[in-house]
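A.B. asks: Here's a structure for you.
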Amino acid sequence: MSVSKTVTLPGGAKIPSVGCGTWTVWEAPPGAVCEAVKTAIAEGYRHVDCAWAYDNEDEVGEAIEAKIKDGTVTRNDLFVTTKLWDTAHRRGAVTEQLKKALVKLKLDYIDLYLIHWPTSLKEGDKNFPQDENGKHIFEFHDLLDTWKGMEDAMDAGLTRNIGISNFNSQQVQRVIDGARIKPCNIQIEVNPFFSNTRLIDFCQERGLIVTAYSPFGTPNRPWKNSDDPVLFEQPILKEIAAAKGKTPAQVCLRFLLQRGLVIIPKSVTPSRIKENFQLFDFELSEAEMQQMFSLNRDFRVYEQDIVIDHPEYPFKIPF
């Protein structure tokens, strides 16, 4: 199955199917994200994914500025995504936060703005506001009011496209039903251990392009349990990789591309950044795709426990 290097969003914009993710870099020293993005752009990546809550938009901006200045790319060559954080779900706060993000990114506009989570936290300077008992402080905003703020941002020319992230099927439908400008993209956790097939099908049937985050199941996550499954140790994956002359990581990414997904693998290691982009010179057969699907365990890594009691917590229903 051939895979295109770009996917066309409903509004006509083309999003590169392989992007440079910039989170899960817990141990990375200051400047590491900047260097990783510069390396990625030099290797041919044209899609960069970041977020307010990652606290790295300034480093992403420095990298983009450097690669434009040295002539590697122009602004129009790049597709830049960032995300609205939970503390800015009031309609007016949506554009306020995006304007601040654009200053950090040193950009006049972004290509895609996503609501990072459907859950709201107390508005203010702290990304993770807590009370005196260490419990996160919720706010309660109608998702459609927040979505109107996203439409405002698009109307103002601050972003070319708008979408959502970590929403369940009911929340997706609520936004679609109430939207003046429909979401064009949803970013959700997908990897061979967590196929997320029902939500992907639901969204694709409604015209949304789906971006998969955590394509390897975030193996270096600090909250990993000793008995959690390890993706790259699965015999099926090792066998397919050996047969293709590719790494297990490349097979995982190709599997997701052949599912029609956009992918945003993350690394700060130059060799892996390069490896994660070398996905277009091989393909998986239908039998190999089915073998990869057989690895599914419905094993979600990102449960966002801090908002599990919020009424908009997305993972209380099956999908």
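A.B. asks: Take the residues in region 278-301 that are under 29 Å from residue 28 (Cα atoms) and buried (at least 18 other Cβ atoms within 10 Å of the Cβ), then tell me which one is modelled with the highest pLDDT.
C.D. replies: 279
A.B. asks: Here's another thing I want to ask about it. Starting from region 246-258, take each residue that is outside any helix (DSSP H, G or I) and list its partners that are aliphatic (A, V, I, L, M), counting only C-beta distances under 8 angstrom and pairs at least six apart or across chains.
C.D. replies: 247/241
A.B. asks: I'd like the full set of residues that are more than 17 Å from residue 150 (Cβ to Cβ), open to solvent by less than 30 Å² (accessible area, probe 1.4 Å) and either among the basic types (Lys, Arg) or within 22 Å of the chain's Cα centre (by Cα) (or both), limited to region 51-107.
C.D. replies: Across region 51-107, the qualifying residues are 56, 57, 60, 61, 63, 64, 67, 78, 79, 105, 107.
A.B. asks: Only one of these conditions is not met by residue 120: (1) open to solvent by 10 Å² or more (accessible area, probe 1.4 Å); (2) within 12 Å of residue 87 (Cβ to Cβ); (3) in contact (Cβ under 8 Å) with a residue 40 or more places away in the chain. Which number is it?
C.D. replies: (1)
A.B. asks: Okay, next question. Could you run through region 145-172 and say how many residues are of a type outside the set (Asp, Glu) and open to solvent by 50 Å² or more (accessible area, probe 1.4 Å)?
C.D. replies: 5
A.B. asks: Another question, if that's okay. Which of the residues belonging to region 183-207 are in a loop (DSSP other than H, G, I, E, B), open to solvent by less than 70 Å² (accessible area, probe 1.4 Å) and not hydrophobic (A, V, I, L, M, F, W, C)?
C.D. replies: 183, 192, 195, 196, 207
A.B. asks: Taking residue 196, is it more than 30 Å from residue 232 (Cβ to Cβ), touching an Asp or Glu at 6+ places or on another chain (Cβ under 9 Å) and of a type in the set (S, T, N, Q)?
C.D. replies: It is false that residue 196 is more than 30 Å from residue 232 (Cβ to Cβ), touching an Asp or Glu at 6+ places or on another chain (Cβ under 9 Å) and of a type in the set (S, T, N, Q).
A.B. asks: Follow-up question, since we're still on this one. Kindly list, by first and then second residue, each pair from a residue in region 128-147 that is in a loop (DSSP other than H, G, I, E, B) to a residue that is not hydrophobic (A, V, I, L, M, F, W, C), limited to pairs with Cβ atoms under 6 Å and residues at least 6 apart or on different chains.
C.D. replies: Listed pairs, sorted by first residue: 129/122; 137/122; 137/129; 137/131; 141/89; 141/120.
A.B. asks: Can you name every residue in region 259-277 that is part of a loop (DSSP other than H, G, I, E, B), open to solvent by 40 Å² or more (accessible area, probe 1.4 Å) and of a type in the set (S, T, N, Q)?
C.D. replies: 269
A.B. asks: Name every residue in region 11-60 that is modelled with pLDDT under 95 and among the aromatic types (Phe, Trp, Tyr), in order of residue number.
C.D. replies: Hits for region 11-60 are 23, 26, 54.
A.B. asks: Take residue 205 and decide whether it is without any contact (Cβ under 8 Å) to a residue 12 or more places away in the chain and closer than 30 Å to residue 291 by Cα.
C.D. replies: yes
A.B. asks: Give me a count of the residues in region 208-252 that are within 18 Å of residue 303 (Cβ to Cβ), buried (at least 18 other Cβ atoms within 10 Å of the Cβ) and out of contact with any helix residue (DSSP H, G or I) (no Cβ under 8 Å at 6 or more places or on another chain).
C.D. replies: Of the residues in region 208-252, 3 are within 18 Å of residue 303 (Cβ to Cβ), buried (at least 18 other Cβ atoms within 10 Å of the Cβ) and out of contact with any helix residue (DSSP H, G or I) (no Cβ under 8 Å at 6 or more places or on another chain).
The values are calculated or read from the model by the stated rules, or taken from the named source; none is laboratory data. Remember, predicted model here, so these are calculated numbers, not experimental data. Note that we place each Cβ from the backbone using ideal geometry, even for glycine, and neighbour counts take in every protein chain shown. Please note that ligands, DNA and RNA were not included when accessible areas were found on the heavy atoms of the full protein model with its side chains. Shrake-Rupley method; radii C 1.70, N 1.55, O 1.52, S 1.80 Å.
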